Structures are given as C-alpha cells and as structure tokens.
Amino acid sequence: MIKKIFVLIAILFSILFFSALHVGLTYLLPFPFSKLNVIFVFIVLLIAWWESGWVVWIAFFSHIFIELFSLTPFGLTLMAATLATLFSFWLYQTVITNRSFFAALLLCFFALLIYRGLYTVLLFAVTLITDIPTPEIGFLAATFGWEILFSILALGACYVAAYPVIKRFRPQALSLHDMYGT
Amino acid sequence: MRSKKRTTLILIVSVVLVTTGFHYLGWLQSIEIFLRNVISPASRSVYSWSVQRNNETKQFDSVEALQNAYIALEEDRINNMVDAVDLKLLQEENERLREMLSFVKTNTYAITSADVIGKNIDPIGSTIIVNAGTDDGIMVGNPVVVGIGVLIGRISRATPETSIVRLLDDNQSKVAATLLNEEKSIGVVEGGYGISIRMNFIPQNEAITIGDTIITSGLEDGVPRGLTIGTVETFEKEPYQPFQSAVVVPPKNFNWITSVSIIRSEE
C-alpha cells in the first residue's frame with residue numbers, strides 16, 4: 001500500500017517536473033532547439049523502461065498542464081497527445097518489439113509523427129468550425145521536423161545516460177541463472 | 001485482444017472528450033485556476049531568467065560595431081530630446097484647440113499593468129501570457145503596449161486571472177495601421193508565423209520611404225490611434241499589383257518583454 005502511494009507521488013512529481021521542464025526549455029532555448037518535446041522524450045523512456053499502460057494516463061495529465069499554455073482550442077493537444085501515446089504503446093508491444101537503443105529512437109520518431117499527424121488533422125478540422133485561419137502546411141511541417149529531430153537526439157542522450165536503470169528493470173535482462181539459479 | 005484494444009481506445013477517447021466538455025462548461029475552472037497558480041510563479045521565474053539571460057548575452061562582433069551602436073544611440077537620444085520638446089508644445093496646443101472647439105471625447109481609456117509570466121508553446125502561435133485577466137477588467141481584443149505606447153499585440157483569450165496576448169508577429173494578428181508618409185497611407189499590419197510583420201494593402205500610388213513610422217490608425221474598436229507599431233525596413237512594389245507591402249521592424253524585441261500595459265476601453 002505504502003509502495004503504491006510512493007509510486008503515485010513519484011508519478012505526480014514527474015508529471016509536474018517534466019511539464020515544467022518542457023515549458024521552461026521552450027523559453028530558454030533558442031529556435032530551433034526550443035522545439036524539443038521533453039514530454040514525449042519522457043513518455044518514450046517510460047514506455048521502454050516501465051512497459052505499462054499507465055504511461056497513457058501520464059501523457060493525459062501532462063498535456064492538461066500544456067493545454068493551460070496553449071492557444072489552440074482546449075482538447076486538441078490533449079486528444080492528439082493521449083492517442084499518440086496509446087498508439088505508440090501498442091506499437092512497442094506489437095511491432096517495435098526489439099528492446100534496443102534504436103527501437104527506442106524509432107518509437108520516439110513514430111510517437112511524434114502520430115502525435116503531430118493527429119494534431120494537424122484535428123487542427124484543420126477545427127479551422128472548419130471556428131474562425132481560426134488555416135495554418136500553412138509547410139510551416140507546420142518544418143516546425144514538426146525540428147521537433148522530431150531534437151527530440152530523437154535528446155532521447156538518444158537520455159537513453160544512454162539511463163541505460164543501466166532501463167536494463168536493470170527489463171525482464172529480458174535477467175539471465176536463466178538469475179531466475180532459476182541453474 | 002482486439003476487442004480489449006477497442007475498449008481501451010473508446011475509454012480514452014471518452015475521457016478526453018468528457019474532460020474537454022467539462023472545460024467548456026466551466027466545471028474545471030477551479031482546478032485550472034489552481035494549476036495555473038501552481039505553475040505561474042515557476043513559469044514567471046523561468047521566463048524572467050530567460051529574458052535576463054538574453055539581454056545579458058547581446059554580443060557585438062567588434063569594438064567598432066559597439067562604437068557605431070553607441071554613436072547611433074547618442075544621435076537617437078539627442079533627436080528624441082528635440083522631439084520631446086516639440087511633442088510637449090504640440091500637446092499644449094492640441095489641448096487649447098480642443099477646449100476652443102469644445103471637443104467631445106467619444107472614448108476614454110484606462111490602463112492595467114501586468115507582468116509577463118510565460119510564452120505560448122504551440123507551434124502555430126506567437127503569444128505571451130500575462131498575469132491580468134477578466135477580474136481586472138481585461139477583455140478579448142484589448143490592445144497591449146509596452147513603454148509609452150508601443151503596440152505589441154492584442155488580448156486573444158482572457159481567464160479570470162491570466163490572459164493570452166497575441167503578438168503582432170503571430171500569423172492570425174491583424175491591426176489597422178497608418179503609415180506616416182506624405183499621404184498617411186492606410187493599410188493592415190499582419191504577422192507572419194512569429195518571424196515577421198508586414199503592412200499590406202498600401203495603395204500602389206502612395207510613396208513609402210525606408211524608416212517611415214507605422215502607427216495604429218484608430219479605425220478599429222478599442223484600439224486608439226497613434227500607438228507605435230514599428231518602422232519600415234523594406235517594401236515591395238510590383239507594377240501589376242494594386243497594393244504594395246512593407247516589412248515592419250518593431251521597436252521592441254518581443255522575446256525580451258517582461259511587463260506590459262493593457263489598454264481598456266471605458267464607456
């Protein structure tokens with residue numbers, strides 16, 4: 001019970017910390033480095049490390065924070081990010097099953113691609129029913145390109161730094177000797 | 001397995017839709033205010049620190065560049081002193097003439113000061129967040145200025161405690177403007193994806209000079225005439241087009257703004 005409470009508190013603090021870090025880095029870093037998506041780097045690392053569906057709810061609550069800093073109609077970022085995390089989680093379970101460094105990078109690429117794809121579709125749908133002007137697709141593509149590039153680079157650096165922890169918690173890392181003592 | 005996935009998908013979409021619905025019904029307002037109050041101090045500190053860092057790290061390529069910048073500033077300062085005297089005289093004359101004509105004021109304006117607590121993080125917008133909202137009388141469309149009347153944008157969304165300011169370089173920003181050339185050309189100042197500002201719809205036959213000042217025309221509701229928007233950096237004039245356009249340089253870098261004034265209309 002106490003362990004579960006500690007895990008919950010850790011999750012809450014992680015959501016707050018990574019949301020604040022995402023917003024903070026957007027302010028601090030110059031363009032195009034400011035396009036780095038810290039939350040998705042964190043989510044992909046969590047999928048690789050934890051492999052639990054809870055990561056979808058972490059994405060949901062993180063993006064509620066982000067919606068407070070967003071100009072797009074409420075729900076757009078939330079829907080795109082939560083669904084992208086869910087699809088990425090399924091992708092990791094069924095397609096990108098190779099638990100390697102490159103699989104994590106590939107997952108980050110697909111996660112952001114799905115996220116921004118859904119975001120763009122929803123954004124264009126919203127422009128049909130509100131007075132928001134249609135964004136220029138070339139500008140969006142360039143911005144999302146920077147975001148994907150810098151997020152993958154950041155994930156690579158974080159994965160290397162966190163590798164001992166990720167490896168330790170992965171069941172595949174256990175040898176038969178560790179499990180059965182044979 | 002497939003059925004479980006379908007159920008999960010429906011559950012998650014439903015939760016997001018319900019949350020979005022609750023937001024628009026205002027049922028999440030207290031939670032959102034609480035979260036904003038939690039985030040705002042941290043966001044404000046990081047934003048102020050980033051502005052301070054950017055200001056401190058302004059670099060010059062050489063000593064000569066620094067000297068030139070200093071000389072240009074000195075010239076500006078002397079010109080501004082002369083302009084300030086002229087302005088004072090004109091203001092006094094204007095007051096006297098208004099009194100003589102029994103000029104009736106149609107609009108009065110009030111000012112609310114606010115601190116910038118953050119920036120928008122969307123890829124599609126160029127906005128800042130300020131710590132004044134509907135509780136302070138702020139309304140959507142109110143112009144936002146820095147200094148003694150440099151327009152930087154307008155309020156695009158207001159909550160009880162905070163507001164989002166759409167900056168002039170935002171793609172959706174449009175302000176009716178006047179170019180202070182001989183003809184006092186009228187046009188529309190529009191933003192370009194957070195990287196540029198242009199004045200469009202300037203009639204083809206009217207002369208533009210680089211360095212001309214652009215001000216608000218006062219043709220829009222709630223935006224007083226005479227707020228400085230910027231100066232003309234360059235202009236495009238095509239003989240086959242009915243209008244010409246000018247690239248505008250604002251006097252204040254939008255990345256370095258820490259406090260603003262919001263102009264409110266008072267009936």
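Would it be correct to say that B:Glu183 is open to solvent by 30 Å² or more (accessible area, probe 1.4 Å), out of contact with any His (no Cβ under 7 Å at 6 or more places or on another chain) and more than 27 Å from B:His23 (Cα to Cα)?
Yes.
Any idea which of B:Ile128, B:Ile124, B:Ile138 is assigned to a strand (DSSP E or B) and within 23 Å of B:Leu35 (Cβ to Cβ)?
B:Ile128
Whether any residue in the stretch B:87-108 is acidic (Asp, Glu), open to solvent by 10 Å² or more (accessible area, probe 1.4 Å) and within 14 Å of chain A (Cβ to nearest Cβ) is what I want to check.
Within the stretch B:87-108, none of the residues are acidic (Asp, Glu), open to solvent by 10 Å² or more (accessible area, probe 1.4 Å) and within 14 Å of chain A (Cβ to nearest Cβ).
Can you name the condition, by its number, that B:Ile214 falls short on among (1) open to solvent by 40 Å² or more (accessible area, probe 1.4 Å); (2) over 29 Å from B:Arg44 (Cβ atoms); (3) outside any loop (DSSP other than H, G, I, E, B)?
All conditions are met except number (1).
List pairs: first in the stretch A:31-46 and polar (S, T, N, Q), second part of a helix (DSSP H, G or I) and surrounded by 20 or more Cβ atoms within 10 Å (Cβ to Cβ), Cβ under 6 Å, 6+ apart or cross-chain?
Hits for this filter: A:Ser34/A:Thr26; A:Asn37/A:Glu147; A:Asn37/A:Ser151.
Please go through the stretch B:177-192 and give me each residue that is within 14 Å of chain A (Cβ to nearest Cβ) and touching a Leu at 6+ places or on another chain (Cβ under 7 Å), ordered by number.
B:Gly191 - this is the single residue of the stretch B:177-192 that is within 14 Å of chain A (Cβ to nearest Cβ) and touching a Leu at 6+ places or on another chain (Cβ under 7 Å).
Looking at (1) within 14 Å of another protein chain (Cβ to nearest Cβ); (2) closer than 30 Å to B:Ile39 by Cα, which is the only condition B:Lys174 fails?
The one condition B:Lys174 does not meet is (2).
Scan the stretch B:55-72 and give yes if some residue there is in contact (Cβ under 8 Å) with a residue 40 or more places away in the chain, within 14 Å of chain A (Cβ to nearest Cβ) and open to solvent by less than 90 Å² (accessible area, probe 1.4 Å), otherwise no.
yes
For the stretch B:187-203, give me the residue count where each residue is at pLDDT 85 or above and either open to solvent by 20 Å² or more (accessible area, probe 1.4 Å) or β-branched (Val, Ile, Thr) (or both).
Result for the stretch B:187-203: 9.
Restricting attention to the stretch B:120-167, which residues are aliphatic (A, V, I, L, M), within 10 Å of another protein chain (Cβ to nearest Cβ) and free of Cβ contacts under 8 Å to residues at least 12 places away in the same chain?
Matches in the stretch B:120-167: B:Ile121 only.
For residues that are closer than 28 Å to B:Tyr47 by Cα and not in a strand (DSSP E or B), tally how many sit in the stretch B:228-267.
9
Is one or more of the residues making up the stretch A:35-47 of a type in the set (Phe, Trp, Tyr), open to solvent by 10 Å² or more (accessible area, probe 1.4 Å) and at the interface with another protein chain (Cβ under 10 Å from one of its Cβ atoms)?
There is no residue in the stretch A:35-47 that is of a type in the set (Phe, Trp, Tyr), open to solvent by 10 Å² or more (accessible area, probe 1.4 Å) and at the interface with another protein chain (Cβ under 10 Å from one of its Cβ atoms).
Is it the case that the stretch B:256-265 has a residue that's surrounded by fewer than 19 Cβ atoms within 10 Å (Cβ to Cβ) and either among the aliphatic types (A, V, I, L, M) or in contact with a Leu (Cβ under 9 Å, 6 or more places away or on another chain) (or both)?
Within the stretch B:256-265 (the criterion being surrounded by fewer than 19 Cβ atoms within 10 Å (Cβ to Cβ) and either among the aliphatic types (A, V, I, L, M) or in contact with a Leu (Cβ under 9 Å, 6 or more places away or on another chain) (or both)), the answer is no, since none of the residues qualifies.
Before we move on, is B:Arg198 within 28 Å of A:Glu136 (Cα to Cα), assigned to a strand (DSSP E or B) and within 14 Å of chain A (Cβ to nearest Cβ)?
For B:Arg198, the condition - within 28 Å of A:Glu136 (Cα to Cα), assigned to a strand (DSSP E or B) and within 14 Å of chain A (Cβ to nearest Cβ) - is not met.
Any idea which of A:Leu46, A:Leu16 is assigned to a helix (DSSP H, G or I) and closer than 20 Å to B:Arg44 by Cα?
Matching residue, one of A:Leu46, A:Leu16: A:Leu16.
The values are calculated or read from the model by the stated rules, or taken from the named source; none is laboratory data. These figures come from a predicted structure and were not determined experimentally. Note that we place each Cβ from the backbone using ideal geometry, even for glycine, and neighbour counts take in every protein chain shown. Only protein heavy atoms, including side chains, enter the accessible area calculation; ligands, DNA and RNA are left aside. Shrake-Rupley method; radii C 1.70, N 1.55, O 1.52, S 1.80 Å.
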